[in-house]
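A.B. asks: Supplied in structure tokens, the structure appears directly below.
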Amino acid sequence: VEPYAALVLGPALLLALLGPRWWDRLLARRGKEHWDSYEALAADYLEALQGMPTLRATGAVGRVRERLERRSAALHRTTVAKLRVSLVDTGLTDLAVQGGTAAAVLVACSSAATGRTAATGTYLLLLLASECFRPVRDLSREWHAGYLGVSAADGITGLRTAEAAVPDRGTVAADWASAPEIRFEDVRFTHPGSGRPALDGVSFTAAAGRTTAVVGPSGAGKSTLLSLLLRQRDPDRGSLTVAGTATAAYTLASLRRGIAVVSQDTYLFHATIAENLRIARPAATDEQLRAAARTAGIDQEIARLPDGYATLVGERGATLSGGQRQRLALARALLADAPVLILDEATSAVDERGQARIVRELAAAGRGRTCVVVAHRLDAVRHADHIVVLDAGRVAATGDHTTLLAGGGVYASLVAAGRTAQEERAA
């Protein structure tokens, strides 16, 4: 229609497309700073809301408020810094778009005045001059919106490319027909960054179908022992076998499916009691739910709730007490009917009378399972078939309750400390 208009619009179009690319690196850096500040503020707000009762009880509300204000100010600074770069980027694009359009209008007017183009050609030229920049404006808008995703991409990439704590290269399925034997042989493990091994030459056997208790003072390595059994980590040295096969030879999914765990830190989902229990066994019948709950000592309390097993427990089981949450987790593990049952301080939030009843029920329910029990309250482990005493990452002694108590040492001191604590509570 008008070749001179193309000569004007071409450079303007190139400037609108390529000019803002000069600022891409700076915009990406400012975008990451903005995202990091936003993420830090969001995390602090969530933590403060969840821990508000603790903050009030410790008088720390003011200090946390000051920290949140500093985080908010940091977010404001990074947001403004990002907007400065973004506005320069947008201004350059708009300058090219508006300047190119204005130049094309001048060319169209000149062509109409000199008679090179007819009225219809002039109108068409004005229409095309504006229209050719529309995709550029759309692209610019999407480009800026995309930087929200680019800022978060590093974290997503980190998750997708992160190395697993343990490699899942096993090929054996942990489909144990009966309760397996668990054996630790000269196991040594040091946590990353620690100068002292958490476990140093640990050797013992948890007999198949029996209950083995692991006791010891805080920091003795009990939790580390369980994390190795669940293959959250692999030992630095030595071997750990289940049913005569190294844990690394099993597929992770099948190994963990064969081990039911009740930990001190219980997590319940925002769902009904029945749905929380059936996470372990979706096809479980109502009678099986009640049987597991009776063994865990919570069936009667559930029955007294307004909706029974259909009662919503709230986020993280907020509507239940700590003891109720722990007993529900215990029922969930029993319902899974796994060949191996691990109880890690599973009754720490239960009163002593309730604990004694649960221990008796577990002794009956545990028949046919290999049970590994970790507990600070020694009343919960005194009836175990075998007791392993850990101290400073080593096996200090093994035996039953009577033998270990007669032998003195770490176990006898733990029993004495427990009795003193009971007497103080009674007084």
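None of the figures in this text is laboratory data; all of them are computed from the coordinates on show. None of these values were measured; they are calculated from a predicted model. Neighbour counts run over all protein chains shown; Cβ positions are idealised from the backbone, glycine included.
A.B. asks: Using Cβ counts within 10 Å as a stand-in for footprinting exposure, how do C109, C371 rank, fewest first?
C.D. replies: C109, C371
A.B. asks: What ranking do W23, W176 get, fewest neighbouring Cβ atoms within 10 angstrom at the top?
C.D. replies: Taking fewest neighbouring Cβ atoms as first place, the list is W23, W176.
A.B. asks: Taking the Cα atoms only, what angle lies between the long axis of helix 119-131 and the longest principal axis of the chain, rounded to 10 degrees?
C.D. replies: Roughly 20 degrees, rounded to the nearest 10.
A.B. asks: While we're here: Taking every pair of Cα atoms in segment 3-161, average 1/r, invert it to obtain the Kirkwood radius, and report Rg/Rh to two decimals.
C.D. replies: We get a ratio of 1.27 for segment 3-161.
A.B. asks: Going by alpha carbons, how many degrees (0 to 90, nearest 10) lie between the helix axis of 322-336 and the longest principal axis of the chain?
C.D. replies: 90 degrees
A.B. asks: Moving on to the next point. Relative to the compact-globule scaling 2.2 N^0.38 Å, provide the ratio for the alpha-carbon radius of gyration of segment 182-426.
C.D. replies: 1.03
A.B. asks: Among rounded, prolate and oblate, which fits segment 196-250 when a ≥ b ≥ c are the square roots of the eigenvalues of its C-alpha gyration tensor, a/c under 1.5 means rounded, and a/b larger than b/c means prolate?
C.D. replies: oblate
A.B. asks: Moving to a separate point now. Bin width 20 Å, alpha-carbon pairs only: give the P(r) of the chain as whole percents, running from 0 to the bin holding the largest distance.
C.D. replies: Pair shares across the bins are 19, 36, 23, 14, 7, 1.
A.B. asks: What angle do you read, to the nearest 10 degrees and between 0 and 90, between the alpha-carbon axis of helix 286-295 and the longest principal axis of the chain?
C.D. replies: Relative to the chain, helix 286-295 is tipped by roughly 60 degrees.
A.B. asks: For segment 212-286, max minus min Cα coordinate along each principal axis, in Å, sorted largest first?
C.D. replies: So the extents along the principal axes, rounded to whole Å, are 44, 31, 21.
A.B. asks: Could you check which residue among R327, R30, R233 shows the biggest mean-square fluctuation in a GNM of the chain with a 10 Å Cα cutoff?
C.D. replies: R30
A.B. asks: Return the long-range amide H neighbours of A179 (sequence gap of 5 or more, or a different chain), with a cut-off of under 5 Å between placed amide H atoms.
C.D. replies: Excluding prolines and chain starts, which carry no amide H, there are no hits.
A.B. asks: May I ask you to sort K82, K32 by Cβ crowding, counting other Cβ atoms within 10 Å and putting the fewest first?
C.D. replies: Final ranking by Cβ density, sparse to dense: K32, K82.
A.B. asks: Here's another thing I want to ask about it. What dipole magnitude, in Debye to the nearest 20, does segment 3-161 give about its Cα centre under +1 on Lys/Arg Cβ and -1 on Asp/Glu Cβ?
C.D. replies: 340 debye
A.B. asks: For segment 103-180, divide the Cα radius of gyration by the Kirkwood radius and give the resulting Rg/Rh value with two decimals.
C.D. replies: Value, to two decimals: 1.64.
A.B. asks: Oh, and also: Pick from V97, V415, V172: which residue has the top mean-square fluctuation in a GNM of the chain where Cα pairs under 10 Å get a spring?
C.D. replies: V97
A.B. asks: How much space per residue, in cubic angstrom, does the convex hull of the C-alpha atoms of segment 154-224 take up?
C.D. replies: It comes to 164 Å³ per residue, whole-number rounded.
A.B. asks: Taking H placed 1.01 Å from N in the peptide plane, check which residues at least 5 places from R237 or on another chain put their amide H under 5 Å from its amide H.
C.D. replies: R188
A.B. asks: I've got another one for you. Find the centroid of the Cα atoms in segment 160-208 and in segment 20-68, then give the distance between the two in whole Å.
C.D. replies: For segment 160-208 versus segment 20-68, the Cα centre distance is 37 Å.
A.B. asks: Dipole magnitude of the chain about its Cα centre, charges +1 at Lys/Arg Cβ and -1 at Asp/Glu Cβ only, in debye to the nearest 20?
C.D. replies: About 380 debye.
A.B. asks: Where the centroid of each part is defined by its Cα atoms, how far is segment 368-405 from segment 109-154 in Å?
C.D. replies: 78 Å
A.B. asks: Any idea what the relative contact order of the chain is, in percent, if you count C-alpha pairs under 8 Å spaced at least 6 apart?
C.D. replies: Taking the mean separation of contacting Cα pairs over the length of the chain, I get 16 percent.
A.B. asks: A further question on this structure: Starting from the eigenvalues of the Cα gyration tensor, five times each then square-rooted, give me the equivalent ellipsoid semi-axes of segment 273-328, largest first, whole Å.
C.D. replies: Largest first, segment 273-328 gives 16, 13, 11 Å.
A.B. asks: Turning to a different aspect of this structure: Divide by every residue of the chain the summed helix terms, -39500 (n - 2.57) for each DSSP H run of at least 4, and state the resulting mean residue ellipticity at 222 nm, rounded to the nearest 500 deg cm²/dmol.
C.D. replies: After summing the helix terms and dividing by the residues of the chain, the value is -18000 deg cm²/dmol.
A.B. asks: Just need the relative contact order of segment 92-147 here, percent rounded to a whole number, with Cα pairs under 8 Å and 6+ apart.
C.D. replies: Relative contact order of segment 92-147: 38 percent.
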